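Heads up, the thing below is written out as structure tokens.
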Amino acid sequence: MTSNTTAGNVCPPPMKSTSNGVFQGDHPLDYALPLAILQICLVLVVTRGLAYLLKPLRQPRVIAEIVGGILLGPSAFGRNKSYLHAVFPPKSLPVLDTLANLGLIFFLFLAGIELDPKSLGKTGGRVLAIAMVGISLPFALGIGSSFVLKETIAKDVNTSAFLVYMGVALSITAFPVLARILAELKLLTTSVGRMAMSAAAVNDVAAWILLALAVALSGNSQSPLVSLWVFLAGCGFVVCSILIVLPIFKWMAQQCHEGEPVDELYICATLASVLAAGFVTDAIGIHAMFGAFVFGILVPKDGPFSGALVEKIEDLVSGLLLPLYFVSSGLKTNIATIQGLQSWGLLVFVTFTACFGKIVGTIVVSLLCKVSFNESLVLGFLMNSKGLVELIVLNIGKDRKVLNDETFAIMVLMALVTTFMTTPLVMAAYKRKAKISDYKYKTVERKNADSELRILACFHGARNIPSVINLIEASRGIKKRDALCVYAMHLKEFSERSSSILMVQKVRKNGLPFWNKGHRADSDHVIVAFEAYQKLSQVCVRPMVAISSMANIHEDICATAERKRAAVIILPFHMQQRLDGSLDVTRNDFRFVNKRVLEHAPCSVGIFVDRGLGGTCHVSASNVSYCVAVLFFGGGDDREALAYGARTAEHPGIRLVIIRFLVESTILGEISSVDVGDSSIGKSISEDEEFLAEFKLKTASDDSVIYEEKIVKDAAETVASIRKFNSCNLFLVGLRPTGELACALERRECPELGPVGGLLISQDCPTTASVLVMQQYHNGVPMNFVPEMEEHSHSHEGDT
């Protein structure tokens, strides 16, 4: 009898790790390693493909990962049993789940690093009230809805654990998902964005505490004392971690100095301790991820240590291992179990209850805290977003038999719907402040040359800072005090990475995303550099940082320029100088940022080709000795370049040389057959003559300003003249010079630099001077060079 029973319940043999190859008769999918590789690749292709398709809808990547997991499971592709048994056979699931949970452990460690306990301690009473009501009301409604589910589709479950799981599932707000939605919608630094981030952080911590309670209650033992011991042991683990591990982490952080690589031993020891913490909490009876999350919170946020930890593991975890958790969840989700009017009615009921508790509760408490109705409504929608944390709760409940298949499927769909609806509802509800009234000075060229010049200078990294500061120094002059105000904007990319959340922690109230001066780490050398220059030069410099995706960071730049009433935006060119003097592409994304700013800017724009203006450090005012050359052909952009040059000429250490190129009258019209429009050219010429006459009158007695006129016969002679002039430090040229001579110089390599700027950075020109290419604001009419740039970009990509 015993032998028969044993024979009737034979377990499938464990999978061997590697095969001997198809040539020796082995099928790769019968072995653990090749099967795991196929599963990982399939998951990545499906989830990244869905993320690309959902990108126009501005949905966070977690939506694509949840949907991808469901599609790969029995709800869609898994209806084909041959596919399911070939790609996701039951004997492979332990390996898949192990890899998924390993990724989950380190992801929760990263999530802990994202949360700053100090900022939670400084949360205001209003935000705390919003967070607490945003948790307690949905939690109560979740408990209420659990009774309805228990009477219908969940009759045979642990009642106490089921109540808590439902309460937690409905009360969660996903902090990482919320941060990415806010960044996508440009709400990170609005008042509603700051309140949502703070409230979500409080909500996140409270949800983990409640989840720990739920896990403790959902054990197999029938004795309530066991659940109590589990919970108390979990609390003891947290206390011991604070007393023992926190001082060790602080000591490690103190040994890591800015600008030096973090010792590999510290990284390895920390990651090993995370795994050890997971082992301890799993042994206690709460999930292994709790230990990793606690250790993540304990990691000091100041200094390079936390950043190095995130940098080492975020791509492997978020990009490779974590998607396996979504497919692991998707394999447990079978939408086919939701059958009949009752089940679909319960789905609607649970979704409505979750939305009602979060949205209405948040709106009511926000209004009581004197938040405007519009912001209260947006806050309610934002706090309703779910995500990975929701899936974690549901999966633990499913594994511990607290949630059956039908309840699990209903709750997963509820999380998907509530998260998907967040972005469109916020976009529809949020009313941005009306644009400021049209301000006066949108160009450098102006009637009153003594008025304040406001510059928005953008840069991508520390390498650009010395040249940007030296350009600012050259632009300030000495004669007019307080005549220059500079906003120095650090452009930083926001992505799905955990390190992006760390950047968000440095957001401050003033304007668009700014560095948080109140809690500045030593790593903020950008701020130190600009503050030091401000003290030395008495120029008003306000460092800023824009955190956004490269696809729409131009919106931040243009909005900031308009808000700060800038007259000119200075953008770094997408190529940087190498040691041999040639220019090398840094990122093509930067080029398209420049293109979009040129197209949509509310003021003039300058593209700065940095070839080490002033060297690799800031040149003090007394040591400035530059030669600035303006190559003038005619038109509004050239006048803008000359107006900027006139500003630099006020500096006692700068010599300004203006070279005006004129066509020999006897061959006028023979240089190029391009139709340039007689009426517009005639108007431009008259404006040029008037501007030049006024400029020469003002600078007649200034020995530092040299004005020359060169009469040339053709484009070749023009190019030869420009090549000879290679003794200056900075060229100022217009993007679109007018006239037949300029048309003959047209170059297609870099349309955003125009014909003259493109010539100056080409191999044909021996100069090593920096170049500033100016586009004058033309009453909102964009310059028509975009098709040329896109055509060249496609051809360039084809070449590479």
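Being at pLDDT below 85 and either open to solvent by less than 10 Å² (accessible area, probe 1.4 Å) or part of a helix (DSSP H, G or I) (or both) holds for only one residue in Leu598, Leu642, Leu631, Leu613, and it is Leu613. Name every residue in region 538-549 that is touching a Lys or Arg at 6+ places or on another chain (Cβ under 8 Å) and either surrounded by fewer than 18 Cβ atoms within 10 Å (Cβ to Cβ) or of a type in the set (Lys, Arg) (or both), in order of residue number. Correct list: Gln538 only.
Taking region 776-800 as the range and being open to solvent by less than 10 Å² (accessible area, probe 1.4 Å) and modelled with pLDDT of 85 or more as the test, no residue passes.
Among the candidates Ser221, Ser160, Ser227, the residue that is modelled with pLDDT under 90, among the hydroxyl-bearing types (Ser, Thr, Tyr) and more than 30 Å from Ser273 (Cβ to Cβ) is uniquely Ser160. In this structure, does Lys386 turn out to be touching an Asp or Glu at 6+ places or on another chain (Cβ under 9 Å) and assigned by the TED database to the domain that holds Val45? The answer is no for Lys386.
Of all positions in region 478-500, none carries a residue that is closer than 30 Å to Leu379 by Cβ, outside the structural domain of Lys535 (by the TED database) and modelled with pLDDT under 60. Just one residue in the set Leu246, Leu265, Leu275, Leu271 is of a type outside the set (Ser, Thr, Tyr), farther than 30 Å from Ile392 by Cα and not in a loop (DSSP other than H, G, I, E, B); that residue is Leu265. Annotation note: of Leu668, Leu656, Leu662, the sole residue that is surrounded by fewer than 16 Cβ atoms within 10 Å (Cβ to Cβ), at pLDDT 75 or above and on the phi < 0 side of the Ramachandran plot is Leu662.
Candidates Ala288, Ala276, Ala253, Ala272: the one that is assigned by the TED database to the domain that holds Val389, within 24 Å of Val317 (Cα to Cα), modelled with pLDDT of 95 or more and under 31 Å from the mean Cα position of the chain (by Cα) is Ala272. Restricting the first member to region 32-58 and to residues that are assigned by the TED database to the domain that holds Val87, and the second to residues that are at pLDDT 90 or above and loosely packed, with under 14 Cβ neighbours inside 10 Å, the beta-carbon pairs closer than 8 Å and six or more apart or on different chains are Leu57/Pro424. Among helices (runs of 4 or more DSSP H) entirely within region 304-367, having at least 1 residues that are without any contact (Cβ under 8 Å) to a residue 12 or more places away in the chain and either in contact with a Lys or Arg (Cβ under 9 Å, 6 or more places away or on another chain) or more than 30 Å from Cys268 (Cβ to Cβ) (or both) singles out 340-355. Residues of region 527-537 that are under 13 Å from Cys617 (Cβ atoms) and either without any contact (Cβ under 8 Å) to a residue 12 or more places away in the chain or open to solvent by 10 Å² or more (accessible area, probe 1.4 Å) (or both): Ala529, Ala532, Leu536. With respect to the conditions (1) at pLDDT 75 or above; (2) over 26 Å from Ala769 (Cα atoms); (3) surrounded by fewer than 18 Cβ atoms within 10 Å (Cβ to Cβ), Lys564 lacks only one, and its number is (3). Annotation: of all residues in region 2-18 being at pLDDT 85 or above and open to solvent by less than 90 Å² (accessible area, probe 1.4 Å), the one that is farthest from Thr98 (Cα to Cα) is Thr18. Considering region 278-327, and only residues there that are open to solvent by 10 Å² or more (accessible area, probe 1.4 Å) and among the hydroxyl-bearing types (Ser, Thr, Tyr), the residue that is nearest to Phe106 (Cα to Cα) turns out to be Ser318. Being assigned by the TED database to the domain that holds Ala201, over 22 Å from Gly193 (Cβ atoms) and out of contact with any Ser or Thr (no Cβ under 7 Å at 6 or more places or on another chain) holds for only one residue in Phe162, Phe139, Phe106, and it is Phe106.
Restricted to region 443-473, and to residues there that are more than 27 Å from Ala532 (Cβ to Cβ) and in contact (Cβ under 8 Å) with a residue 12 or more places away in the chain, the residue that is surrounded by the most Cβ atoms within 10 Å (Cβ to Cβ) is Glu445. Taken over region 694-710, the criterion of being outside any helix (DSSP H, G or I), open to solvent by 90 Å² or more (accessible area, probe 1.4 Å) and at pLDDT 85 or above is satisfied by Glu709 alone. Which ones in region 375-402 are farther than 30 Å from Thr190 by Cβ and open to solvent by 10 Å² or more (accessible area, probe 1.4 Å)? Those that are farther than 30 Å from Thr190 by Cβ and open to solvent by 10 Å² or more (accessible area, probe 1.4 Å): Lys398, Asp399, Arg400, Lys401. Filtering region 568-581 to residues that are in a loop (DSSP other than H, G, I, E, B) and either buried (at least 19 other Cβ atoms within 10 Å of the Cβ) or touching a residue at least 40 places away in the same chain (Cβ under 8 Å) (or both) leaves Phe573, His574, Gly581.
The values are calculated or read from the model by the stated rules, or taken from the named source; none is laboratory data. What you are looking at is a predicted structure, and each value in this text was computed from that prediction instead of being measured. So basically every Cβ, Gly included, is an ideal-geometry build from the backbone, and we count neighbours across all protein chains shown. In case anyone asks, the SASA skips ligands and DNA or RNA and just uses the protein heavy atoms, side chains included. Shrake-Rupley method; radii C 1.70, N 1.55, O 1.52, S 1.80 Å.
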